Amino acid sequence: MSNRRRPYDKVGGARLTGIGTAVLIALIYGLASPPDATDRQILVIVWSALLAAFVVGVVWPLLVVRRIEVEASSPRDAFVGQQVPIDVGVSGITRSCEVRVLDPTSAWHRVASASEGIIDHLADRRGLFQHLRVEVRVTAPLGILAAHQVHDVQLPFAVEVAPRALAVDWLPAPAPLEGGAGDVSPASLGGDLVRSVRPYAPGDPSHLVHWPSTARMGSLVMRELEPPTPIGQAVVVDLRDLGPEEEQAASYALGAALAVLSAGGELVLCTAEATGPVTGRVRTPIDAGRRLARAVAGQPGEPPTGWPIVEIGS
Amino acid sequence: MTARTSRSVRHPDRVGLPVWLLAALTAATAAAAGLAGYIAAPGQVQPATGFLVGSGIVTLAVLGLASISVRMVACTMLFVSAAVLVRFGLLAGSLTSGGQMVLAWLVAAVVVLVLCDQVGTQSSPPLAREGAPGAAPSVAARSALGVAVIVVVLAAVLAPLLLPFVGEPTEAGQGASLEALRDGSASLRATSSLDMTTRPDLTDEVVFTVDSDRATFWRGETFDIWDGRSWTRSDDGFQPLLPGDRLQVGPDDLGARGDDVVEQRIRIEVSYAEVVHGAASATEVEIDRPVRQRPDGTLISAPMGRGTTYTVISRREPLSEQRLRDTDDGPTPESVAAQYAQEPLMTDRVRALAADITADATTRYDQVRAIEAWMGERVEYSLDAPLAPKGVDVVDHFLFEAEQGWCEQIASSLVVLARANGIPARLVTGFVPDEQDPVTGVFTVRQRDAHAWAEVWFPEVGWVPFDPTANVSLAGDDAAPQTIAGWILDHLVVLALGAAVLALLAGPVRAWLKRRRAARATRPVGWAAVTVARLDALGARVDRTRRDHETATAYGAVLAALLGDERLTSVGQVIDDAAYAAEPPGLDRQAEVDAVLADLEAVAVQEPVLSS
């Protein structure tokens, strides 16, 4: 697509195209100084046809563009710099209209016979987005006027645009899980060392049956395993007073979070969201991205006691 | 070896453009340019050549300039054709092609704009998912035609509203010029005599246009003295008129008292003109220069150039054959009889012929009609007729020797023969309506439309025109048959609008026919099918539709139980027998079934009988 911005590529409003301007000039010229013609009637018919074409070319798109409805949906997760496939549906008089997504401005897509399709939209900012601006343009039928209408579409699910993760080489330290976040689950059925045995309880998996004790006791006895030494990190993200470096800090925080998770460590993210300070366990990269997408400049949540802490930001 | 490579330099809006859309845009643009060339073709170039040149250039430009936006090429060509059309067509002084071609150009221009817009939209990537159908040619065609029809209809509505506000009733035009003495100016110059021994040189040059709501003869000058070789007038004096003065109406011009008003707006299209043409019995003239009036009502203006426009208002009496016969007893004023009823110079055999032709006619009107009828039978029209030798009376030579001639000789003969019977008559020269623009109604008057006819004076009515040439057949071929191409050109607007309406209606009509066909296909045929449909309808009333596997017999039994009417069991059996049995039930059994169903259909819906 050409990068040149044509005058009628401005967002919203209605404006004459080049053809429309030429027709208008011809109309005004004909009205201001009607030429001396052999047959003034035919001259009037030509002028009237020009006027009729101008009126049709102006009124039609203005009416049609107001009768077009737009809905859109988007994947919930994205990251900065990603082309997000926006599912756009157009209803109403959709013949010969064009749509594009704004913020940032995407390319125009024609809506010929189908009324829905995908527009790849660049996620250029981190954040939580509930609305999407979609612009409709109608130039039909004569290409005299480009009528634009901007629709503020409510998305069914907010798009959470995570920062682009920086590559961070991070090795999380041992973390005292029991003294940390309360939602850390005991790993009684996970681990690699047999700590003790206990009688069978309904629901226990069969591969944990301790067969020698079962044989001796005459009833099922289950193994209890010792979990491995936990490692983890509490990442405190403070985006206050960073100015232009705020996004870089968020990207660094996501890189650190991903490093902790990829090393098998437990992760607690302490951030500030629009609703206030938030401290919480993060188990997947998607969760990390969502938390950092919602992160704003403010007082971050308090890290759990005893956890190794890394503070990012001010 | 050197590998030859070819680089595609096609403009982005041509890439992926459907072939039909490119072809349609090329054709529409070529048509617009061709029509502009047709309309604006200069005199020495045939309009068809102008069409071919215009459309050829545009076709090459649209298809050949592949590196330039096809929209830009098409729009540029459209605006160039518009400029050519306006500059060399509408403003050139003579719109020889008429309004139909201009209207056709308008339609082509609208189609070009619609298709350009579609090309612009097509250059955007589609929103549709993979495999979704693209734009259809039929949709584009309907859009283009629909918009064209709307624009033309709107223009037709707007034009009459705007017309009064455009242009002045009188315009000065260009200054008169004597540069082209051999052009059509000669036929618009005032003259004191009309030489009948020279052959007229009639061309297609437009001499003036007339905007009037009716066709009539546009009178120029009259002549009343015949010397056997040429016409002159007995009183060649002038009465000067200043702008704003009313015309002097002569005592013999009784038509000027009429209530039937004819207004004509005439625009001069030649470089020099003096005679102010208009329908007979002009009572007012609106012109921006001095005018002189002869006693016979002829108006002579100061020299007028191309573009000079004036308005003439004429009046006339309602005429009928009966009225003209009834006026025969009225008196003829002495002045009229003295000037116009005197026997002109004529040979004895012409005099005898006049008496012979009108012997059986009892009224003045019948006498004139008898002369017309006689000439219609005996003489022929030909511009190649032999000229009268020197010293020979032209009318005598025409009536008895050549028996061929043109309008001047034919009309002169009528005047001479009428005067031989004491009927007041005079020769009139002017122009007749021939070519009317079907779009604007404006008459285009060419030099070849120059004409001569006779005027006969009737008591209480005044001067009445008679055109004996209209009764005379052409020498050689009786009539040139109209060609198919000519007929199409004459009816281009009607044909185009009809085709557009048909095209717009084609889609809805086709859809309606399809629905109708589908409805007919599902309509039950035969007694069994119709009756089972009635049974289905009965079951639907108690919310028990027939299952796919159920026969009519089984369904009838179910309905019999639900509705508490055992007769339905046998109804189902009869239906199945009618459909499948080797010996179908007779008409009496079918009638019984029909009666049962009619009974049940007539009663109100009953509650189904539920088993306990």
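Out of curiosity, is B:Leu145 more than 7 Å from chain A (Cβ to nearest Cβ) and at pLDDT 80 or above? If you could, list the steps in order and put the result at the bottom.
Working: more than 7 Å from chain A (Cβ to nearest Cβ): yes; at pLDDT 80 or above: yes.
Yes, satisfied.
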Review point. Is there a residue in the stretch A:145-160 that is within 11 Å of another protein chain (Cβ to nearest Cβ) and crowded, with 16+ Cβ neighbours inside 10 Å?
Key: yes
Practice item. Enumerate the pairs (first residue in the stretch A:143-155 and in the same structural domain as A:Val101 (by TED's automatic domain parsing); second residue anywhere and of a type in the set (Phe, Trp, Tyr)) with beta-carbon separation below 6 Å, excluding pairs fewer than 6 apart on the same chain, so at least 6 apart or on different chains. Key: A:Ala146/A:Tyr8
Exercise for review: Run down B:Phe88, B:Phe79 and say which single residue is facing chain A (nearest Cβ under 7 Å) and either modelled with pLDDT of 85 or more or outside any loop (DSSP other than H, G, I, E, B) (or both).
Suggested key: B:Phe79
**Study point:** Single unsatisfied condition, B:Val445 versus (1) of a type in the set (A, V, I, L, M); (2) part of a loop (DSSP other than H, G, I, E, B); (3) under 28 Å from the mean Cα position of the chain (by Cα); (4) modelled with pLDDT of 85 or more
**Key:** (2)
Practice item. Within the stretch B:334-349, identify whether any single residue is assigned by TED's automatic domain parsing to the domain that holds B:Ala420 and in contact with a Leu (Cβ under 7 Å, 6 or more places away or on another chain), and answer yes or no. Key: no
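Before we move on, is A:Gln130 touching a strand residue (DSSP E or B) at 6+ places or on another chain (Cβ under 9 Å) and either surrounded by fewer than 16 Cβ atoms within 10 Å (Cβ to Cβ) or within 13 Å of another protein chain (Cβ to nearest Cβ) (or both)?
Working: touching a strand residue (DSSP E or B) at 6+ places or on another chain (Cβ under 9 Å): yes; either surrounded by fewer than 16 Cβ atoms within 10 Å (Cβ to Cβ) or within 13 Å of another protein chain (Cβ to nearest Cβ) (or both): yes.
It is true that A:Gln130 is touching a strand residue (DSSP E or B) at 6+ places or on another chain (Cβ under 9 Å) and either surrounded by fewer than 16 Cβ atoms within 10 Å (Cβ to Cβ) or within 13 Å of another protein chain (Cβ to nearest Cβ) (or both).
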Practice item. Please identify the pairs in which a residue from the stretch A:290-310 that is in contact (Cβ under 8 Å) with a residue 60 or more places away in the chain has its Cβ atom under 7 Å from the Cβ atom of a residue that is surrounded by fewer than 19 Cβ atoms within 10 Å (Cβ to Cβ) and in a helix (DSSP H, G or I), counting only partners at least 6 apart or on another chain. Key: A:Thr305/A:Gly179; A:Gly306/A:Gly179
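Per-residue answers, yes or no, for (1) of a type in the set (Gly, Ala, Ser); (2) in contact with a strand residue (DSSP E or B) (Cβ under 8 Å, 6 or more places away or on another chain):
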position	(1), (2)
A:Arg223	no, yes
A:Glu226	no, yes
A:Pro230	no, yes
A:Asp241	no, no
A:Ala249	yes, yes
A:Ala253	yes, yes
A:Ala257	yes, yes
A:Glu266	no, yes
A:Thr271	no, yes
Practice item. Could you figure out which of (1) within 13 Å of chain B (Cβ to nearest Cβ); (2) buried (at least 16 other Cβ atoms within 10 Å of the Cβ); (3) not hydrophobic (A, V, I, L, M, F, W, C) isn't true of A:Ser91? Key: (2)
Revision key, fill the gap. Scanning the stretch B:250-291 for residues that are among the charged types (D, E, K, R) and under 18 Å from B:Thr429 (Cα atoms) gives B:Asp253, B:Glu274
Review point. Can you pull out the residues in the stretch B:358-396 that are crowded, with 21+ Cβ neighbours inside 10 Å and not acidic (Asp, Glu)?
Key: B:Thr358, B:Arg364, B:Tyr365, B:Gln367, B:Val368, B:Ile371, B:Trp374, B:Met375, B:Val379, B:Ala388, B:Val394, B:Val395
Exercise for review: Might you check whether a residue that is surrounded by 15 or more Cβ atoms within 10 Å (Cβ to Cβ) and out of contact with any strand residue (DSSP E or B) (no Cβ under 6 Å at 6 or more places or on another chain) occurs anywhere in the stretch B:507-517?
Suggested key: no
Check your understanding: Scanning for something polar (S, T, N, Q), assigned by TED's automatic domain parsing to the domain that holds B:Ala280, within 22 Å of B:Met196 (Cα to Cα) and at pLDDT below 90, does the stretch B:413-434 turn up at least one residue?
Key -> no
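A quick yes/no check of all residues on (1) assigned to a helix (DSSP H, G or I); (2) in contact (Cβ under 8 Å) with a residue 60 or more places away in the chain; (3) closer than 21 Å to B:Gly526 by Cβ:
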site	(1), (2), (3)
B:Asp548	no, no, yes
B:Tyr555	yes, no, yes
B:Leu568	yes, no, yes
B:Gly572	yes, no, yes
B:Asp576	yes, no, yes
B:Pro584	no, no, yes
B:Arg589	yes, no, yes
B:Ala598	yes, no, yes
B:Glu601	yes, yes, yes
Exercise for review: For the stretch B:126-138, enumerate the residues that are within 7 Å of another protein chain (Cβ to nearest Cβ) and at pLDDT 75 or above.
Suggested key: B:Pro126, B:Leu127
Exercise for review: Select the strands (runs of 3 or more DSSP E) contained entirely in the stretch A:26-128, then report the ones holding at least 2 residues which are of a type outside the set (D, E, K, R) and modelled with pLDDT of 85 or more.
Suggested key: A:69-73, A:77-79, A:83-91, A:97-101, A:116-122
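The values are calculated or read from the model by the stated rules, or taken from the named source; none is laboratory data. Computed from a predicted structure; not experimentally measured. Don't worry about glycine lacking a Cβ; one is built from the backbone with ideal geometry, like all the others, and counts go over all protein chains shown.
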